[in-house]
1. Could you order peptides 342-351, 480-489, 46-55 by the average number of other Cβ atoms within 10 Å of their residues, highest first?
2. On the accessible surface of segment 446-518, probed at 1.4 Å, how many percent belong to carbon and sulfur atoms?
3. Using modelled backbone amide H atoms (1.01 Å from N, in-plane), which distant-in-sequence or interchain residues come within less than 5 Å of Leu134's amide H?
4. Mind listing the phi-derived Karplus ³J(HN,Hα) values for segment 400-416, rounded to whole Hz, using 6.51, -1.76 and 1.60 with θ = phi - 60°, and x for any glycine or proline?
5. Would you tally the net charge around Ala417, using a Cβ to Cβ cut-off of less than 13 Å, leaving Ala417 out, and scoring K and R as +1, D and E as -1?
6. Would you give the gap between the C-alpha center of segment 296-310 and the C-alpha center of segment 34-107, rounded to a whole Å?
7. Kindly flag which residue pairs out of Lys78/Lys200; Lys185/Lys520; Lys185/Lys369; Lys167/Lys389 have an alpha-carbon separation exceeding 30 Å in this structure.
8. Would you please put 382-394, 33-45 in order of how densely packed they are, using the mean number of other Cβ atoms within 10 angstrom per residue and starting with the highest?
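The values are calculated or read from the model by the stated rules, or taken from the named source; none is laboratory data. All values derive from a computational prediction rather than experimental measurement. Every residue, glycine as well, gets a Cβ built from its backbone with ideal geometry; the counts of neighbours run over all protein chains shown. Calculation scope for accessible area: heavy atoms of the full protein, side chains included, ligands and nucleic acids excluded. Shrake-Rupley method; radii C 1.70, N 1.55, O 1.52, S 1.80 Å.
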Amino acid sequence: MSDNAEYFLQGQPSHDPAATAKMAAHLTCGRVNLNILREAARKELREFLDKCAGSKAIVWDEYLTGPFGLIAQYSLLKEHEVEKMFTLKGGRLPAADVKNIIFFVRPRLELMDIIAENVISEDKMRSPRDFHILFVPRHSLLCEQRLKEQGECYLENDQTSLYHTAKGLMTLQALYGTIPQIFGKGECARHVANMMLRMKREFAGSQTQILPVFDTLLLLDRNVDLLTPLATQLTYEGLIDEIYGITNAALSKKAKIISAAFEERHNAKTVGEIKQFVSQLPHMQAARSSLANHTSIAELIKDITTSEAFFDNLTVEQEFMTGVDTDKVNTYIEDCISQKDPLIKILRLVCMQSVCNNGLKQKVLDHYKREILQTYGYEHILTLGNLEKTGLLKPQTNTRNSFPTIRKTLKLWMEDANEQNPNDISYVYSGYAPLSVRLTQLLARPGWRSIEEVLKMLPGPHFEERQQLPAGLHKKRQQGENRTTLVFFLGGVTYAEIAALRFLSQMEDGGTEYIIATTKLINGTSWIRGGMTFMAGETLGD
């Protein structure tokens with residue numbers, strides 16, 4: 001097994017057979033048996049590997065190692081003649097005496113250039129071997145073309161991911177039964193629902209005869225709620241993601257390194273009693289390591305969240321969310337720019353002010369743009385343009401600011417949020433209830449008809465579709481049995497939103513259990529970063 005095979009599985013449940021079994025049990029024991037989905041993905045992977053007869057080496061797009069580690073341990077790959085694994089990088093491929101080289105990659109043009117370089121650099125003296133590419137999540141004609149000729153392409157407003165989402169939801173229904181009700185809000189949500197209904201018509205007569213597991217599907221377009229990802233998450237998991245980053249449900253390497261150093265330095269004072277307790281349980285070695293990590297990380301996070309800088313930033317965010325001085329240049333933002341604070345921080349705050357004010361007055365917007373470009377460089381005119389295209393940053397039109405009405409009607413701000421014993425979803429942002437989750441909550445009870453006027457103020461259409469179930473598959477609900485709703489976030493979801501939906505699932509009188517799906521896990525930094533234009537070798541801070 002190569003070093004990269006070890007890397008592929010590092011930190012993943014699939015590295016240890018016992019842990020794999022534990023994960024399978026965890027996926028099975030919930031209201032929805034998610035292990036069915038995992039097994040379907042494993043089956044597809046096995047079938048693909050078997051099509052490439054003979055010994056194999058896999059070359060991984062580094063981004064995919066985590067997701068694949070959740071469905072396939074190395075023993076499964078080995079059973080299908082995978083002998084070597086490498087990380088995709090430029091130059092010549094490492095030596096591997098195998099018949100097949102398989103590239104597992106995302107459909108990115110820049111990755112095609114690296115694959116072409118790998119293949120061209122192949123030693124002609126070696127025995128000839130076959131090259132294969134598995135595109136994840138979807139096949140790309142543009143990438144195929146790039147491999148044939150080195151052309152320049154730029155994709156904008158690419159909606160192929162919506163098709164892939166619709167296709168994925170059809171696969172889900174094949175495994176878990178037809179979902180009787182589909183609700184949605186936003187342009188992308190409408191597109192996905194239309195594609196699903198069209199696919200269903202095309203395959204009429206081949207409906208699955210499975211009793212539906214889900215009662216409702218809710219499709220939410222991220223554009224409907226631009227505010228939530230911009231706000232600083234205040235749950236434990238959300239703060240870890242904000243400060244250190246979480247990838248594939250694992251702490252970033254940076255967090256682990258800092259945590260280890262912190263524990264070594266303050267061991268006797270901070271985690272001594274906890275370690276003494278855990279040391280009495282030899283079979284909990286993994287738990288002990290995890291607990292030590294989280295104890296030290298919690299203390300590091302506390303140092304940050306009790307700092308004056310964190311408090312000042314949070315105060316301005318909460319002022320914007322409650323409508324304080326959103327129509328004028330903010331002195332705190334000006335001070336941050338003059339101190340050359342990280343550009344991401346500045347952009348999050350400016351975009352939040354824009355969203356909470358339904359756009360900025362032209363002179364305010366021009367002032368911010370001028371200050372940002374003069375301080376951080378004129379190349380960021382492209383960055384500002386990208387943020388305007390997404391609607392995060394925009395000039396105010398003549399239309400009235402509707403956000404105060406939306407905030408009041410949906411109770412998006414709760415003055416006395418109880419964070420220790422929460423009774424409302426607003427605890428996840430210390431007073432602000434995520435708009436996306438409030439819409440989810442109101443759909444379940446009393447229904448969206450009660451907020452029809454507010455829904456019209458939010459971007460994009462809202463709709464309801466009903467799917468006819470095959471005869472005999474109508475679920476008979478037992479008394480006290482909860483409904484199950486699949487909430488699909490198109491464009492990303494934050495850990496704080498996930499925490500809020502978990503809270504709704506656990507409410508005694510809630511009556512609904514929520515399963516969460518998304519195209520991506522995001523926070524304000526990763527979200528803004530996705531719309532930024534970088535100069536070669538440039539870093540913009542966290």
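1. By packing density, highest mean first, the sequence is 342-351, 480-489, 46-55.
2. Its accessible area is 47 percent carbon and sulfur atoms.
3. Phe103, Phe104, Val105
4. Along segment 400-416, the couplings run 5, 5, 8, 4, x, 5, 4, 4, 6, 5, 8, 6, 7, 10, 10, 4, 10 Hz.
5. Value of the local net charge: -3.
6. Their Cα centres are 40 Å away from one another.
7. Cα-Cα > 30 Å for Lys78/Lys200; Lys185/Lys369; rest within.
8. 382-394, 33-45
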